[in-house]
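Read the structure below first, then the notes.
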Amino acid sequence: MIELSELTKRYGGKTAVEGLTFAVRPGVVTGFLGPNGAGKSTTMRMILGLDRPTSGDVRIDGKRYDQLPEPLTYIGALLEARSVHPGRTAYHHLLCLAQSNGVPERRIGEVLDLVGLSGVARKRPKGFSLGMGQRLGIASALLGDPKILMFDEPVNGLDPEGIHWIRNLMKQLASDGRTVFVSSHLMSEMALTADHLVVIGQGRLLADTSMARFIEENSRPYVQVRSPDPERLRVSLAGAGLRPVPQPDGGFEVEGVPAARVGEIAAANGLVLHELSRRQASLEEAFMRLTHGSVEYQAREG
Ligand SMILES: Nc1ncnc2c1ncn2[C@@H]1O[C@H](COP(=O)(O)OP(=O)(O)OP(=O)(O)O)[C@@H](O)[C@H]1O
């Protein structure tokens, strides 16, 4: 478990993270979301002891990072910036990490196998593709067989096969009972991967809730309905006190009513329907709605 308590970080006059309190629990994938500059990387760096909090504190299974005897065996992380010594082979890179963390050498073969890099173990990572580099980063994170894993933008720049692989790996790690904390800007990907969400904006906590509740609380469900006779459908729905919103495909979106009621109104008016479905907004729409007020860098609408 990762526990943050009133965590605050200031860089001069700039407050990057302010009073963050939340816990990341084992057994589920927890997504970490926030607009650009919200403070996600700063928070992750503080969890790993790479940045000192101005105030507040972070505990990894009850201990501060600098109190962990062999940190890699407690928490493994993939951060955005890759830090691999250019002169070392993939195997040698992992060997150095293993030796400084009391990890037996045989574990290197296991993690290389797990991430699919056994064939290039003796090659230097400077010739690796982005996907191979990410796999090596993940091998480093898994090396100490830690109970807690943290990934900052793990799917950045990966092809669909690589994205699919990382998604399944994270789910597998969580179902093994590990704590998995992952940041990403790809909402559709996050919706497929995370069970729980922590959302921040301008350094402050905006939400700490399950994926399903987050979407439900930050979006309104609606009914999508389509008929070969759209004008009569519109008149019938409006006559029943509803507000059908026309869509480009000739259908309507209707808020604040169950799908069954829309079907009954259509039947009572002898209307044929080609579509009647209940829709929930996507994670992306829910995220945009929640964070709208805390977006720091916003492009002008063209
Ligand atoms: N070393 C630093 N010195 C000064 N300001 C910093 C430093 N690191 C981060 N910041 C500022 O703190 C804020 C939070 O940055 P951070 O990189 O943590 O955000 P983020 O949520 O990870 O953003 P992104 O999604 O763009 O990666 C930003 O306004 C950033 O400019």
### Query
What is the residue count in the stretch 2-47 for residues that are away from the ligand (no atom under 13 Å from the Cβ) and either among the aromatic types (Phe, Trp, Tyr) or at pLDDT below 95 (or both)?
1
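Let's see how each residue does on (1) assigned to a loop (DSSP other than H, G, I, E, B); (2) aliphatic (A, V, I, L, M):
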site: Val182; (1), (2): no, yes
site: Met190; (1), (2): no, yes
site: Val198; (1), (2): no, yes
site: Phe214; (1), (2): no, no
site: Ala238; (1), (2): no, yes
site: Arg243; (1), (2): yes, no
site: Pro248; (1), (2): yes, no
site: Glu253; (1), (2): no, no
### Query
Any idea which residue in the stretch 278-302 is modelled with the highest pLDDT, counting only those that are away from the ligand (no atom under 16 Å from the Cβ) and outside any helix (DSSP H, G or I)?
Arg278
### Query
Within the group Arg59, Arg106, Arg52, which residue is over 19 Å from Ser184 (Cα atoms), of a type in the set (Lys, Arg) and within 16 Å of the ligand (Cβ to nearest atom)?
Arg52
### Query
Scanning for something more than 16 Å from the ligand (Cβ to nearest atom) and loosely packed, with under 14 Cβ neighbours inside 10 Å, does the stretch 71-81 turn up at least one residue?
no
### Message
Could you list, ordered by first residue, the pairs with Cβ atoms under 6 Å in which the first is in the stretch 58-79 and touching a residue at least 60 places away in the same chain (Cβ under 8 Å) and the second is part of a helix (DSSP H, G or I) and among the β-branched types (Val, Ile, Thr), at least 6 apart or interchain?
### Response
Leu78/Ile138
## Note on the structure
If you go through Val225, Val182, the only one that is modelled with pLDDT of 95 or more, among the β-branched types (Val, Ile, Thr), crowded, with 16+ Cβ neighbours inside 10 Å and over 30 Å from Lys9 (Cα atoms) is Val225
### Query
Considering the stretch 218-251 alone, what residues qualify as being touching a helix residue (DSSP H, G or I) at 6+ places or on another chain (Cβ under 9 Å), closer than 30 Å to Glu189 by Cα and free of Cβ contacts under 8 Å to residues at least 24 places away in the same chain?
Pro246
### Task
Out of the residues in the stretch 131-155 that are out of contact with any helix residue (DSSP H, G or I) (no Cβ under 8 Å at 6 or more places or on another chain) and touching a residue at least 60 places away in the same chain (Cβ under 8 Å), state the one that is nearest to Val103 (Cα to Cα).
Ala141
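The values are calculated or read from the model by the stated rules, or taken from the named source; none is laboratory data. What you are looking at is a predicted structure, and each value in this text was computed from that prediction instead of being measured. Every residue, glycine among them, receives a Cβ derived from its backbone with ideal geometry; neighbour counts consider all protein chains shown.
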